[in-house]
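What follows is a single structure, written as structure tokens, with notes after it.
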Amino acid sequence: MRVLGFGSNLLISDNGVKGAVIKLDTEQFARTEFEETTLTAWAGAELAKLVLTCVQKGMSGLEALTGIPGSVGGSVKMNAGGNFGDIGAVVEKVTLMDNTGGVFEKSKPELIFDYRRTNIMAPFILNAQMQLSQGDPEQIMRSVKEIWIYKKNNQPLNTKNSGCIFKNPRGLSAGAMIDRAGLKGLQVGGAKVSEKHANFIVAQKGCTSKDVSRLIDAVKQRVKEHFDIELELEIEIWE
Ligand SMILES: Cc1cc2nc3c(=O)[nH]c(=O)nc-3n(C[C@H](O)[C@H](O)[C@H](O)COP(=O)(O)OP(=O)(O)OC[C@H]3O[C@@H](n4cnc5c(N)ncnc54)[C@H](O)[C@@H]3O)c2cc1C
């Protein structure tokens, strides 16, 4: 059994997934509640909308997540973020559910966020409580715009992709290594290493999941040959 958010960080096999896939997408799971500077967001809420709601309300804390597609559940599970910060910095508490329907909470410091991972093992994240701070809406909007422009200039945003394919090895940039290995533009079937950001794979017309997997393997092998470093996947492959 797997729990699906918005699928922004997934490569799903051409043959589908062996097992049940559950998505928390009723209206109740898209709720967001503000109580002063505390925000409780349910797993199915859309991160991008939440960033904008926070701007309107003059709440600071989520602007670092500008331009990251996904649901609150998926973003907490992945500790989504980047150069500007990650969601784990503001999450104080999560409500979780186990396979038998048992609901329980996990708070910091027991709740730990690391680079693109958390120590949440329960299969369902139901909601997350975040501690924001009051800020100047204009200043928050300026930060959102700056990050948005940065992403627009550096990522192939108007293409079909699943964000960064590989995690950055400690202190290194996976994209820069792929670029230095001369792999920008490398293509397998309909899958192509982006010319704009080498850690992105763009799915062109007719692209299959198999094409992307084979391109991933080719990139990994060439980077290993060039730098003797094993790149680790940031995306998840479901088959
Ligand atoms: C154009 C683009 C840019 C991106 N940029 C970034 C970036 O800058 N930084 C970054 O970190 N990521 C980035 N990503 C990846 C992706 O947006 C994030 O990982 C996002 O947080 C995934 O959310 P999702 O809802 O789509 O999760 P999914 O992809 O659906 O799932 C991701 C993981 O979370 C689990 N999950 C989802 N919902 C729940 C739940 N309710 N309970 C328990 N587990 C759950 C899934 O089982 C899976 O393991 C980018 C992706 C794209 C397409």
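Every number in this text was worked out from the coordinates using simple rules, so none of it is lab data. Everything numeric in this text was worked out from a predicted model, so none of it was measured. No Cβ is skipped: glycine too gets one built from the backbone with ideal geometry, and neighbour counts run over all protein chains shown.
The figures follow:
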{"quantity": "Full-extension gain in nm, Asn15 to Phe84, via 0.36 nm per residue minus C-alpha separation", "calculated": "21.2 nm"}
{"quantity": "Neighbour-count ranking [beta-carbon atoms within 10 angstrom, fewest first] of Thr95, Thr38", "calculated": "Thr38, Thr95"}
{"quantity": "Relative contact order computed over the chain (Cα-Cα under 8 Å; 6+ residues apart), in percent", "calculated": "21 percent"}
{"quantity": "Stretch gain in nm, segment Trp148-Glu105, where the contour uses 0.36 nm per residue and the Cα spacing is subtracted", "calculated": "12.1 nm"}
{"quantity": "Listed residues Ala198, Ala20, Ala122, most fluctuating in the chain (Gaussian network, C-alpha, under 10 Å)", "calculated": "Ala20"}
{"quantity": "Efficiency of FRET between Glu138 and Glu27 - r from beta-carbon atoms, R0 22 angstrom, step 0.05", "calculated": "0.10"}
{"quantity": "Among Gln187, Gln221, Gln129: highest mean-square fluctuation, GNM of the chain, C-alpha pairs under 10 Å", "calculated": "Gln221"}
{"quantity": "Label point 7 Å beyond Cα of Arg117 along Cβ direction - residues of the range 214-231 with amide nitrogen under 17 Å", "calculated": "230-231"}
{"quantity": "Unit charges on C-beta of K, R, D, E only; dipole of the range 1-156, Debye", "calculated": "480 debye"}
{"quantity": "Anchor Lys77: aspartates and glutamates whose Cα lies under 16 Å away (excluding residues fewer than 8 positions away in-chain)", "calculated": "Glu46, Asp86, Glu92, Asp98, Glu105, Glu110, Asp114, Glu234, Glu236"}
{"quantity": "MRE, 222 nm, helices only [DSSP H, n ≥ 4, -39500 (n - 2.57), over the chain, to nearest 500]", "calculated": "-8000 deg cm²/dmol"}
{"quantity": "Separation of alpha-carbon centers, the range 69-120 and the range 219-239, rounded to whole Å", "calculated": "25 Å"}
{"quantity": "Spatial separation of Cα centroids for the range 164-187 and the range 16-68, in angstrom", "calculated": "30 Å"}
{"quantity": "Which listed pairs, of Lys145/Lys210; Lys152/Lys184; Lys93/Lys210; Lys106/Lys210; Lys49/Lys220, have C-alpha distances above 30 Å, in listed order", "calculated": "Lys145/Lys210; Lys93/Lys210; Lys106/Lys210; Lys49/Lys220"}
{"quantity": "Cleavage-rule hits, GluC sites (Glu not before Pro), the range 1-82, DSSP coil, Cβ neighbours within 10 Å at most 10", "calculated": "Glu36"}
